[in-house]
């Protein structure tokens with residue numbers, strides 16, 4: 001999901017009538033075939049601030065429950 005958000009495709013992904021798993025969407029729609037590969041992910045998120053930006057966007061876009069923590073974003077604050 002963070003890759004979809006980082007690629008600016010969250011709106012299109014969530015508005016799709018038949019929502020695929022995020023990894024399938026990345027592979028089929030975004031053409032990111034190695035999205036589950038550790039080496040690929042390390043290269044993708046290597047740019048400073050990229051992961052932090054995606055986490056902030058996820059926090060902004062996701063509706064968290066009252067008692068639900070915000071996961072990784074809480075750790076980087």
Practice problem: Answer with yes or no whether residue 54 is surrounded by 13 or more Cβ atoms within 10 Å (Cβ to Cβ), in a loop (DSSP other than H, G, I, E, B) and modelled with pLDDT under 95. | Solution: no
Exercise. Go through (1) surrounded by 15 or more Cβ atoms within 10 Å (Cβ to Cβ); (2) at pLDDT below 95 and name the single condition residue 3 misses.
Key: (2)
Practice problem: For the stretch 15-51, name all the residues that are exposed (fewer than 11 other Cβ atoms within 10 Å of the Cβ), part of a helix (DSSP H, G or I) and modelled with pLDDT under 95. | Solution: 15
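Based on this model, can you work out whether residue 61 counts as surrounded by 14 or more Cβ atoms within 10 Å (Cβ to Cβ), touching a helix residue (DSSP H, G or I) at 6+ places or on another chain (Cβ under 7 Å) and modelled with pLDDT under 90? Steps first, please.
On the way: surrounded by 14 or more Cβ atoms within 10 Å (Cβ to Cβ): no; touching a helix residue (DSSP H, G or I) at 6+ places or on another chain (Cβ under 7 Å): yes; modelled with pLDDT under 90: yes.
No: the conditions fail for residue 61.
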Quiz item: Is it true that some residue in the stretch 68-76 is at pLDDT 95 or above, part of a loop (DSSP other than H, G, I, E, B) and touching a helix residue (DSSP H, G or I) at 6+ places or on another chain (Cβ under 7 Å)?
Solution: no
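The values are calculated or read from the model by the stated rules, or taken from the named source; none is laboratory data. Please read these numbers as outputs of a predicted model, since none were measured by experiment. Cβ sites come from the backbone with ideal geometry, for glycine too, and all protein chains shown count toward neighbours.
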